[in-house]
Amino acid sequence: MQIQNRESSLVELAKLADAGYVYVILDACDAPSVPEKVRSLGEDRGGSLYNGTAQEDYWAIAPYLCRADKWLLRWIHDSLWTEPWGIIIISKSDLASIRAHFRRFLIVQSPEGEHWYFRFYDPRVLPVFLESSNDDELKSFFGPVQAYAVQNPGEDNLRIMKAVGVS
């Protein structure tokens with residue numbers, strides 16, 4: 001199994017978003033305007049990936065999962081594009097299923113047994129993680145996801161990453 005890469009544009013993604021197949025994980029750590037924007041979208045469109053005290057304690061730097069439409073993609077482009085703002089997910093699953101899937105990956109255990117937050121939604125981390133993952137890790141991480149996308153640094157286009165051979 002390997003990761004297949006291709007270039008894409010926000011225009012192409014907007015078409016998939018219109019069909020309801022695009023989600024974003026927005027990283028408030030590098031983009032302080034994210035929590036207020038997500039709040040304005042409403043709970044039916046998105047919210048924090050954190051629950052409980054983590055959600056309360058880390059709301060200002062939390063990852064937020066949202067169903068994207070062309071207007072949210074435009075806001076990301078206009079407001080966040082120069083920052084490492086997050087990642088794009090292409091999936092036919094519903095918001096609750098996608099949220100449950102990604103919550104499984106928020107905390108990882110180090111070789112020393114320590115628990116760490118895993119910032120897979122950082123666009124600088126995701127490509128490296130995917131390229132270094134084995135087949136089982138890719139199957140698990142892709143789950144209901146058809147593809148991931150990250151912004152190409154310093155460019156207006158996107159890098160779409162799909163696992164070839166994932167069933």
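Brief remarks follow.
- Only a single criterion out of (1) assigned to a helix (DSSP H, G or I); (2) in contact with a strand residue (DSSP E or B) (Cβ under 8 Å, 6 or more places away or on another chain); (3) within 25 Å of residue 54 (Cβ to Cβ) is not satisfied by residue 137, namely (2).
- Only one entry in 79, 33, 8, 48 is hydroxyl-bearing (Ser, Thr, Tyr), closer than 17 Å to residue 151 by Cα and touching a Leu at 6+ places or on another chain (Cβ under 9 Å), namely 8.
- Test: residue 89 is touching a residue at least 60 places away in the same chain (Cβ under 8 Å), closer than 18 Å to residue 67 by Cα, in a helix (DSSP H, G or I) and among the hydrophobic types (A, V, I, L, M, F, W, C): no
- Flag for residue 150 being surrounded by 15 or more Cβ atoms within 10 Å (Cβ to Cβ), under 17 Å from the mean Cα position of the chain (by Cα) and in a strand (DSSP E or B): yes
- Subset of segment 102-134 [polar (S, T, N, Q) and assigned to a helix (DSSP H, G or I)]: 132
- Count - residues of segment 30-52 that are of a type in the set (Lys, Arg) and either within 19 Å of residue 18 (Cα to Cα) or in contact with a Ser or Thr (Cβ under 9 Å, 6 or more places away or on another chain) (or both): 2
- The listed residue being touching a residue at least 60 places away in the same chain (Cβ under 8 Å), of a type outside the set (Gly, Ala, Ser) and over 23 Å from residue 15 (Cβ atoms), out of 73, 158, 130, 106: 130
- Residues of segment 12-54 classified as modelled with pLDDT under 90, in a helix (DSSP H, G or I) and either under 17 Å from the mean Cα position of the chain (by Cα) or closer than 17 Å to residue 78 by Cβ (or both), total: 0
- Residues that are without any contact (Cβ under 8 Å) to a residue 12 or more places away in the chain and acidic (Asp, Glu) were ranked within segment 109-126; the one that is surrounded by the most Cβ atoms within 10 Å (Cβ to Cβ) is 114.
For every residue, the table says whether it meets (1) buried (at least 20 other Cβ atoms within 10 Å of the Cβ); (2) in contact with a Lys or Arg (Cβ under 7 Å, 6 or more places away or on another chain).
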residue: 17; (1), (2): yes, yes
residue: 22; (1), (2): yes, no
residue: 34; (1), (2): yes, no
residue: 63; (1), (2): yes, no
residue: 77; (1), (2): no, no
residue: 80; (1), (2): yes, no
residue: 89; (1), (2): yes, no
residue: 95; (1), (2): no, yes
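- Hits in segment 80-91 (condition: modelled with pLDDT of 95 or more and out of contact with any Phe, Trp or Tyr (no Cβ under 6 Å at 6 or more places or on another chain)): 88, 91
- Among residues of segment 35-53, those that are touching a residue at least 40 places away in the same chain (Cβ under 8 Å) and in contact with a strand residue (DSSP E or B) (Cβ under 6 Å, 6 or more places away or on another chain), counted: 3
The values are calculated or read from the model by the stated rules, or taken from the named source; none is laboratory data. This is a predicted model, so every value here is computed, not measured. We place every Cβ from the backbone using ideal geometry, glycine too, and count neighbours over all the protein chains shown.
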